[in-house]
Amino acid sequence: MDLYASLCAITGAEYVSREQEENYIYSRDSGAQPPRRVDGVVLPGSVEEVQRILVLANREGIPVTPLGGGFTLSALVVPQKGGIVMDMKRMDKILEVNEISRYALIEAGVSQAALRSHLKKHFPRLQHSTPEAPPTVTVTGNVLIQGHGHLTPRYGLNSDMVNGMEVVLATGE
């Protein structure tokens with residue numbers, strides 16, 4: 001099985017890389033951990049592509065490391081045993097904001113800055129618990145590491161403010 005060709009068939013060649021220079025960037029974070037092996041990088045653009053990538057990886061026994069903004073400092077988004085880095089930056093849409101029920105439905109690659117800017121422009125009455133992190137940090141990444149923001153003293157961790165998630169399991173379900 002040619003991993004590169006299989007990933008290209010799922011997302012298109014422009015969203016797959018196996019180049020040494022690009023793999024090097026994804027092999028590390030800003031922390032002190034040493035770089036680790038990356039076999040390829042893929043940027044899915046939809047839930048269906050994520051599912052197909054995970055079905056392929058599961059069938060072939062290839063580890064997958066998801067990446068949001070990539071701003072952790074402790075190698076949380078660096079592959080432990082090689083494999084594919086699945087960079088979620090193409091999935092950056094704010095799908096819905098409901099001002100009455102006070103929620104936003106977003107894709108995994110939406111940054112804190114994008115959500116904050118969107119809310120400020122279109123829904124100025126809604127508050128967003130912005131973390132003390134770079135603006136390019138993803139909302140999803142901050143939630144997954146139990147992040148906090150300026151509303152957390154009153155309402156709990158940012159993850160406490162999540163009403164639901166659509167999650168793709170390793171089997172593609």
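The values are calculated or read from the model by the stated rules, or taken from the named source; none is laboratory data. Note that the structure is a prediction, hence the values are computed from the model and not measured. Cβ sites come from the backbone with ideal geometry, for glycine too, and all protein chains shown count toward neighbours.
Within the set of pairs 6+ apart or on separate chains, which have a first residue in the stretch 65-91 that is under 22 Å from GLU132 (Cα atoms) and among the hydroxyl-bearing types (Ser, Thr, Tyr), a second that is at pLDDT 70 or above and assigned to a strand (DSSP E or B), and C-beta atoms under 8 Å apart?
Cβ pairs passing all conditions: none.
Out of GLU60, GLU49, report the one residue that is closer than 20 Å to VAL167 by Cα, modelled with pLDDT of 80 or more and in contact with a helix residue (DSSP H, G or I) (Cβ under 9 Å, 6 or more places away or on another chain).
Numbers: GLU60 fails: closer than 20 Å to VAL167 by Cα.
Exactly one of GLU60, GLU49 is closer than 20 Å to VAL167 by Cα, modelled with pLDDT of 80 or more and in contact with a helix residue (DSSP H, G or I) (Cβ under 9 Å, 6 or more places away or on another chain), namely GLU49.
Do the conditions hold for MET91, that is, is it at pLDDT 90 or above and either aromatic (Phe, Trp, Tyr) or under 30 Å from THR11 (Cα atoms) (or both)? Give the derivation first.
Details: at pLDDT 90 or above: yes; either aromatic (Phe, Trp, Tyr) or under 30 Å from THR11 (Cα atoms) (or both): yes.
Spelling it out, MET91 is indeed at pLDDT 90 or above and either aromatic (Phe, Trp, Tyr) or under 30 Å from THR11 (Cα atoms) (or both).
Please determine, by comparing only the residues of the stretch 129-148 that are part of a loop (DSSP other than H, G, I, E, B) and polar (S, T, N, Q), which one is modelled with the lowest pLDDT. Before you say what the answer is, go through the steps one by one.
Keep residues of the stretch 129-148 that are part of a loop (DSSP other than H, G, I, E, B), which gives 129-130, 132-137, 145-148.
Narrowing the set further to residues that are polar (S, T, N, Q) leaves 129-130, 136, 146.
Details: SER129: 71, THR130: 72, THR136: 78, GLN146: 67.
If we take residues in the stretch 129-148 being part of a loop (DSSP other than H, G, I, E, B) and polar (S, T, N, Q), then GLN146 is modelled with the lowest pLDDT.
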